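Notes follow once the structure below has been shown.
Where a number appears in this text, it was derived from the coordinates with a stated rule and is not lab data. This is a predicted model, so every value here is computed, not measured. Backbone-built Cβ (ideal geometry, glycine too); neighbour counts: all protein chains shown.
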Amino acid sequence: MLANRLVKRRKHLRRWARRTGTDAYRLYDRDIPEIPLCIDLYAELVSLSLYERPYEKDEAEEDLWLEAMCEAAARALGIGREAIYTRRRQRQRGTAQYERISRAAREVIVSEGGLRFRVNLSDYLDSGLFPDRRRLRARIREEAANKKVLNLFCYTGSFSVYAASGGAASVDSVDLSGVYLEWARANFALNALNPGNLVRADALLFMEDVKRARKTWDIIILDPPAFSNSKRMRGTIDLRRDHGELIKSCLSLLSPGGVLYFSANTKGFKLNAETAGTGEDITEKMRDEDFKGKRIPLCFKFSAGF
């Protein structure tokens, strides 16, 4: 069943991917209820993730089943088994999703929208480039010309690279992780773009500091983790609880006529209008071809007055 589904999906998506200039996209996401996998293609490599099941299953039996799924995927896609990298996705707390799980350093350069990005399929739970944010990245590039852009919780800097490629007047990228900021720097270098200002800081403290300095931006990207309790942070972030304050802090940093894009990738999330204000839900506008019928992060657009 999995092999047949992958053959059909690859055939359906291949022409779209070639036309849009991307070789990193989602092939499968729990399309068959009995096969709770997420499968992403990254150039010649594949990331295959097993979602946590709602019931206990013998670990040895699960390992055999997962290996059978990998073999089926390899046959369907015409690649070697060694090109498939597996992960087990469980509910993550704290900084677990950002911690290194290996040092195999299996990396590949992928193309998207005329840009290039480094992805790592072996060392972290996430690859470094989220396929479900592709349309939002493209929008940032479309709007960035001559704008000052701030990318908070910037991760590996893909939004920042898009902004710079769109002719942004300046790009500031903020993240707590030195590893991810260096990854962002590498992504800028791949595209021969100026990395702008890469800031290693707690985003909450950064916003307090720049507010006192009365700095403002024309476009702000707020794509925070669902939960974080890093030892380097002051306190914790729980997106369901704290998104209102995060959004208000960002709005206070917008230039007149500026725009905030807020993304929430957590199940059951609902925007609290009392604390966050009213934002335009643009989630469906951010849905690309490989995510039709699939869950994607919620996305809201907030605009500052003049």
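Okay, here's what the table says:
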{"quantity": "Of K147/K294; K8/K294; K215/K301; K270/K292; K267/K292; K57/K270, those spanning more than 26 Å from alpha-carbon to alpha-carbon", "calculated": "K147/K294; K57/K270"}
{"quantity": "Exposed-loop-free span, longest in the chain, where GluC sites (Glu not before Pro) count as exposed if DSSP calls them loop and at most 10 other C-beta atoms lie within 10 Å", "calculated": "57-306"}
{"quantity": "Dipole of the chain, positive direction: furthest Cα of A145, A273, L13, with charges on the beta-carbon", "calculated": "A145"}
{"quantity": "Span-rule helices in the chain, defined as complete DSSP H runs reaching 15 Å or more along the axis (Cα) with Kyte mean at least -0.5", "calculated": "59-77, 178-190, 239-251"}
{"quantity": "Protection-proxy order for peptides 127-134, 256-263, each taking the mean of Cβ atoms within 10 Å per residue, highest first", "calculated": "127-134, 256-263"}
{"quantity": "Extreme residue, positive dipole direction of the chain, given options L45, S170, F117 (C-beta unit charges)", "calculated": "S170"}
{"quantity": "Structure-derived volume of the Cα convex hull per residue in Å³ - corresponding label in (i) 137; (ii) 189; (iii) 149", "calculated": "(i)"}
{"quantity": "Inter-part distance where segment 125-185 and segment 233-276 are each reduced to a Cα centre, Å", "calculated": "18"}
{"quantity": "Sites matching chymotrypsin sites (Phe, Trp or Tyr not before Pro) across segment 1-71 that sit in DSSP coil, with at most 14 neighbouring C-beta atoms within 10 Å", "calculated": "Y55"}
{"quantity": "Dipole magnitude (debye, nearest 20) for the chain, charges at Cβ of Lys, Arg, Asp, Glu", "calculated": "720"}
